[in-house]
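The values are calculated or read from the model by the stated rules, or taken from the named source; none is laboratory data. All values reported here derive from a predicted model rather than from experimental measurement. Cβ: placed from backbone, ideal geometry, glycine included. Neighbour counts: every protein chain shown.
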């Protein structure tokens, strides 16, 4: 992580206030983006500092933890919503660390199935526990009613955004629930 990241986040935070009272939808989007980036930056730092693991590696291991029998490289790519090349690079690094194993699929000899190794299972359980404690610490100052209110507002926002159409566009972009074109799974 470079020292430029906090400065960029400060600049984005300042842009939220530009045009106060105007462009409210853009300001809302920037506020949501800023919150996401701040949280992600803090979690990234914790994962790298405590476990020498990147956030994409953690995300891939989380997917594998949910399916003990393993996932094909293509399925991992779909679930993480990144290219097969990105998944291949992450898997290679995790294999080198002894955290995942890759075997030829029993049902399709052209595919590989990736699963957590025993070492990977133990490490991921520790990381997942710490990850939850870090998230809890980040939201510790929010009261239960505030969290409930945010969850309700964000759930409504998510549904409205999912149902939104771009009028006049040549092609209407429709995103299936829980799926984004790039990045990590929708939450």
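Residues that are within 17 Å of residue 55 (Cα to Cα), touching a helix residue (DSSP H, G or I) at 6+ places or on another chain (Cβ under 7 Å) and assigned to a loop (DSSP other than H, G, I, E, B): does the stretch 106-120 have at least one? Let's see the steps before the verdict.
Taking the stretch 106-120 and keeping what is within 17 Å of residue 55 (Cα to Cα), we get 116, 120.
Cutting the leftovers down to touching a helix residue (DSSP H, G or I) at 6+ places or on another chain (Cβ under 7 Å) gives us 116, 120.
Going one step further and asking which of them are assigned to a loop (DSSP other than H, G, I, E, B), we end up with none.
No, the stretch 106-120 has no match at all.
Please verify whether residue 122 is surrounded by 15 or more Cβ atoms within 10 Å (Cβ to Cβ), assigned by TED's automatic domain parsing to the domain that holds residue 59 and free of Cβ contacts under 8 Å to residues at least 60 places away in the same chain, treating the condition exactly as stated. Give the steps one after another, and end with the answer.
Working: surrounded by 15 or more Cβ atoms within 10 Å (Cβ to Cβ): no; assigned by TED's automatic domain parsing to the domain that holds residue 59: yes; free of Cβ contacts under 8 Å to residues at least 60 places away in the same chain: yes.
Criteria not met by residue 122.
The test for being farther than 16 Å from residue 67 by Cα and part of a loop (DSSP other than H, G, I, E, B) holds for residue 82. If the condition is being at positive phi and either surrounded by 10 or more Cβ atoms within 10 Å (Cβ to Cβ) or modelled with pLDDT of 70 or more (or both), then the stretch 2-49 contributes 19, 23.
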